[in-house]
Each structure stands twice: as C-alpha cells, then as structure tokens.
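Worksheet: one structure, shown below.
The values are calculated or read from the model by the stated rules, or taken from the named source; none is laboratory data. Predicted, not measured: the structure shown is a model, and the values here were computed from it. Cβ placement follows ideal geometry from the backbone for every residue including glycine, while neighbour counts extend to all protein chains displayed.
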Amino acid sequence: MLERRRLPQERKAITHVFRLAYQHKDGTDDVMHFYFTVGLYDDGSPGEIFIKADRTGTLASGALDAVGIMMSMMLQYGVPLEALTSKLRHMRFPPHGFTGDADIKSCTSPIDLLAAWLEHKFIKKENHV
C-alpha cells in the first residue's frame with residue numbers, strides 16, 4: 001500500500017503572482033491575476049499546491065481548487081513533480097496570452113502557466129525536456 005508523506009504542521013510556502021494579459025473572443029483586452037502557492041516540505045520540495053485567480057466564477061474557481069488538491073495528493077503519495085508538469089504543459093484553453101514575467105513570458109492556459117512556473121522553480125534545468 002502506498003504511504004502518504006504528510007507535510008509538517010508548520011511549513012514554509014512560496015507564492016507567486018502572475019498577471020495574464022489576454023483577449024476575449026470579441027477582441028477586447030483584459031488582465032487576470034493568478035496566485036500560485038506551494039507549501040514546502042522541510043527539504044524544500046513541494047508538497048501542496050493552491051491556485052487562486054481573481055475574477056473567476058464558481059465553476060472555474062472550483063476547477064482550479066480541484067487541480068490543486070489532486071496535484072497535492074499526488075505529490076504527497078510520491079508522484080514526481082516532473083511527471084505532473086510534463087502532462088500539464090502546453091494545455092490549450094482560455095485565458096492564454098502574455099504574462100510580462102521575465103522567466104515565463106506567455107502561456108497557453110492557466111494550467112500551462114502553473115506547470116511552467118513549477119518546472120522553473122523546482123525542477124533542475126538539465127532535467128527539462
């Protein structure tokens with residue numbers, strides 16, 4: 001049976017805010033903010049993920065929460081972060097566009113943006129495909 005590696009009661013976390021500039025179907029420009037928070041084990045590896053966005057409805061907010069919960073559980077049961085991010089990179093759905101971030105300039109979806117940031121922050125560059 002798989003064993004869950006629980007995070008300590010008190011832990012450090014990293015939050016990164018992205019400003020995603022995109023266009024609506026009618027061509028109007030807009031901006032959405034995404035907040036990615038990663039709770040860390042004592043060794044600095046990620047063990048939980050929270051995803052929040054401004055201006056989302058209940059369906060989108062619930063879907064982002066569900067992705068965060070599933071990723072957190074997979075990490076705690078030993079699924080490598082690289083296995084998760086490799087499956088999530090380049091997913092295409094709106095909003096997508098430019099972030100203005102020096103390291104991750106654009107994304108094809110909010111989930112692609114999350115995966116790209118997790119790769120950049122936690123996976124050694126020589127391991128990227």
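Quick grid of which residues meet (1) touching a Ser or Thr at 6+ places or on another chain (Cβ under 6 Å); (2) surrounded by fewer than 12 Cβ atoms within 10 Å (Cβ to Cβ); (3) at pLDDT 95 or above:
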| residue | (1), (2), (3) |
| --- | --- |
| His24 | no, yes, no |
| Thr37 | yes, no, yes |
| Asp42 | no, yes, yes |
| Arg55 | no, yes, no |
| Ser61 | no, no, no |
| Ala66 | no, yes, yes |
| Met73 | no, no, yes |
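In region 25-56, of all residues being free of Cβ contacts under 8 Å to residues at least 60 places away in the same chain and polar (S, T, N, Q), the one that is farthest from Ala116 (Cα to Cα) corresponds to Thr28.
Here is the figure for region 7-22: residues that are in contact with a helix residue (DSSP H, G or I) (Cβ under 8 Å, 6 or more places away or on another chain) and either closer than 15 Å to Trp117 by Cβ or exposed (fewer than 10 other Cβ atoms within 10 Å of the Cβ) (or both) total 4.
Kindly evaluate Lys121 against the criterion of being under 15 Å from the mean Cα position of the chain (by Cα), closer than 27 Å to Met1 by Cα and among the basic types (Lys, Arg). Spelling it out, it is not the case that Lys121 is under 15 Å from the mean Cα position of the chain (by Cα), closer than 27 Å to Met1 by Cα and among the basic types (Lys, Arg).
Within the set Asp42, Asp65, the sole residue that is of a type in the set (Asp, Glu), over 25 Å from Lys124 (Cα atoms) and either out of contact with any Phe, Trp or Tyr (no Cβ under 7 Å at 6 or more places or on another chain) or not in a helix (DSSP H, G or I) (or both) turns out to be Asp65. Evaluate region 60-75: report whether one residue or more is farther than 18 Å from Ala13 by Cβ, more than 11 Å from the chain's Cα centre (by Cα) and of a type in the set (S, T, N, Q). Yes: one or more hits.
Filtered by the rule that a residue be in contact (Cβ under 8 Å) with a residue 40 or more places away in the chain and among the charged types (D, E, K, R), region 4-24 gives Arg4, Arg5, Arg6, Arg19.
Considering each residue of region 87-97 in turn, at least one proves to be in a helix (DSSP H, G or I) and at pLDDT 95 or above. Being of a type in the set (Val, Ile, Thr) and under 12 Å from the mean Cα position of the chain (by Cα): is that true of Ile111 here? In short, yes. In region 75-86, what residues are surrounded by 14 or more Cβ atoms within 10 Å (Cβ to Cβ) and either of a type outside the set (Val, Ile, Thr) or at pLDDT below 95 (or both)? Across region 75-86, the qualifying residues are Leu75, Gln76, Leu81, Glu82, Leu84, Ser86.
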